[in-house]
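Here's the structure we're looking at; comments come further down.
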Amino acid sequence: MQLTSIIAIYLLFWVMSAFVLLPFGLKTADEAGVEKVRGQADSAPVNFRPGRVALRATVLSAFLCALFIANFNYGWVTVEDINIFGTPPTIEEARQR
C-alpha cells in the first residue's frame, strides 16, 4: 500500500471519528446550571473543547487506520466473508433460467 493511500485512509477515518466523537462530553447550559446568554440556542454547548475532540479523533483514527492496514496486509476479512448475496450466476447459468 502506498503512503499516499495510507494518508488518505487516515484522513477519512479522522473526519469520521471527529464527527462520531463530537457530541460526547458536551453539556447544554441547562445541564451545566449556567445562565444562558441572550440569543443563545437551547442546545448550544457551554463546554465545547475542539482540541479535546481533535485529540480523541486522532487516537481513534490512528487505531482504526492501523487495523485497516493490518487487515489489508493479512487478509483477515475479505470480500467473500461479507458477501451476503452470494456469487452472481455465470452467463451460462443465467441463460438456462
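The values are calculated or read from the model by the stated rules, or taken from the named source; none is laboratory data. Predicted model only: the values in this text are computed from it and were never measured. No Cβ is skipped: glycine too gets one built from the backbone with ideal geometry, and neighbour counts run over all protein chains shown. Heavy atoms of the whole protein, side chains included, go into the accessibility calculation; ligands, DNA and RNA do not. Shrake-Rupley method; radii C 1.70, N 1.55, O 1.52, S 1.80 Å.
The label-point distance for Phe19 and Phe48, in a model that sets each label 7 Å from Cα toward Cβ, rounds to 1.7 nm.
Ligands, DNA and RNA left out, the 1.4 Å accessible surface of the range 11-92 is 67% carbon and sulfur atoms. A helix-only calculation puts the chain at -18000 deg cm²/dmol for mean residue ellipticity at 222 nm, using -39500 (n - 2.57) for each DSSP H run of at least four residues, averaged over all residues.
Take the chain with all the other protein chains still there, run a 1.4 Å probe, and you get 83 Å² of accessible area per residue. Per 10 Å bin from zero, what fraction in whole % of the C-alpha pairs of the chain is there, up to the bin with the longest pair? P(r) over the chain, rounded to whole percents: 13, 25, 21, 17, 14, 7, 3, 0.
Subtracting the Cα-Cα distance of Ile6 and Leu55 from their residue separation scaled by 0.36 nm leaves 15.7 nm.
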